[in-house]
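A short worksheet on the structure shown next.
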């Protein structure tokens, strides 16, 4: 599938065995997210483009062909049911989300031109004069990199270098002059694509699609056990908040929220309610809240206990023994309750 302009990576390599896709989409909508999701599995490659939290375009390429609109969205929902499907989320400036849906449907114009016999600089000048709308790729083998030049009405709007490794794809903005110089010095393969602007469509929101709704469990404020669970979660949040404040002083590069999210993802297979994208438990601004009543068979207390212990084990080596003991002693009633 065509390479879109790479933005700021927000989440990378999210496996669907740990991620509730529909809840991720709800989260991005609530955050008014602007960018796109890249979904990969053995079935194919799909992209969902969002602007201020709303879907503006969907496309997927499979062995059956390329599909867009609600057909693509339905196929993606089937795709993310597989546990080995991966999701990458990239944030983009708003101006690019208006363009990337067009780039998704680029048509091949020139294919596998050898840079030894092609003057890439002159080719770009010609595309500029033609007010070309599309992109040019220059693929290099060693190292495996692809320079990408994006054009709109003949004007270069972005130039990037994408490096592929076995574990990850890295993308960065790259000087146009330097890319043209590399294309003249190294052997490369050149591909040119053109796009037809104007693919605005109405797309059904994921939460409204038949068969994709996740039942929401209402909080029963009169349930005494539920109130105890809410209190426990709040107390754990107070402990986490203290640890986070300490770490900001002694280990400034430690991203507490990131590590908490990773711990929750690691435990999601055993305790689905801990999934950070499920919205059942939220930690923000030093407070943790239970927002959705847990199911009867979710082993809630056990999951909270394991999450708390794992966080303590993670941060203990970073905090002095005296400060750590003092902090834990101030929450000994909570820790005793979790052990009961």
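Could you tell me how many degrees, from 0 to 90 and to the nearest 10, lie between the Cα long axis of helix 21-30 and the main elongation axis, the longest principal axis, of the Cα atoms of the chain?
Between helix and principal axis, roughly 90 degrees.
As a test of the formula, what do you get for the chain when each DSSP H run with n ≥ 4 contributes -39,500 (n - 2.57) and the sum is divided by the residue count, at 222 nm and rounded to the nearest 500 deg cm²/dmol?
Rounded to the nearest 500, the figure is -11500 deg cm²/dmol.
Highest mean first, what order results for 46-57, 180-191, 128-139 on Cβ atoms within 10 Å?
Result, highest mean Cβ count within 10 Å first: 46-57, 128-139, 180-191.
Against the longest principal axis of the chain, how steep is helix 224-250, in degrees 0 to 90 to the nearest 10, with axes from Cα atoms?
With rounding to tens, the tilt is 60 degrees.
Provide the gained length on full extension for the span residue 245 to residue 196, in nm with one decimal, where the gain is 0.36 nm per separating residue minus the Cα-Cα distance.
12.5 nm
GNM, the chain, Cα, under 10 Å: largest mean-square fluctuation among 275, 313, 114?
313
Using a Gaussian network model of the chain whose springs link C-alpha atoms within less than 10 Å, name the residue from 329, 299, 289 with the highest mean-square fluctuation.
Comparing 329, 299, 289 in the GNM, the peak value goes to 329.
Quick one: compute the contact order of the chain, relative version, from alpha carbon pairs under 8 angstrom and 6+ residues apart, as a percent.
After rounding, I find 16 percent.
Where is the GNM fluctuation largest for the chain (alpha-carbon springs, 10 angstrom cutoff): 306, 321, 244?
Among 306, 321, 244, the largest mean-square fluctuation in the Gaussian network model of the chain belongs to 321.
Go through (i) 17.2; (ii) 18.8; (iii) 20.5 and flag the label whose value is the computed mean projected area of the Cα convex hull in nm² for this structure.
Working out mean projected area of the Cα convex hull in nm² from the coordinates points to (iii).
Return a whole-number percent for the relative contact order of the range 224-339, with Cα pairs under 8 Å and 6 or more residues apart as the contact set.
In percent, rounded to a whole number, it is 32.
What distance in nm lies between label points placed 7 Å from Cα along the C-beta direction at residue 17 and residue 126?
Those two pseudo-labels are separated by 5.0 nm.
Report, to the nearest 10°, how far helix 94-103 tilts away from the longest principal axis of the Cα atoms in the chain, using its own Cα long axis and a range of 0 to 90°.
In the chain, helix 94-103 runs at an angle near 60 degrees to the longest axis.
Separation between the residue 63 and residue 107 pseudo-spin-labels, each 7 Å from Cα along Cα→Cβ, expressed in nm?
The answer from the label model is 2.8 nm.
Each value in this text was obtained by applying a stated rule to the coordinates, not by laboratory testing. Computed from a predicted structure; not experimentally measured. Glycine gets a Cβ as well: all are built from the backbone with ideal geometry, and neighbour counts include every protein chain shown.
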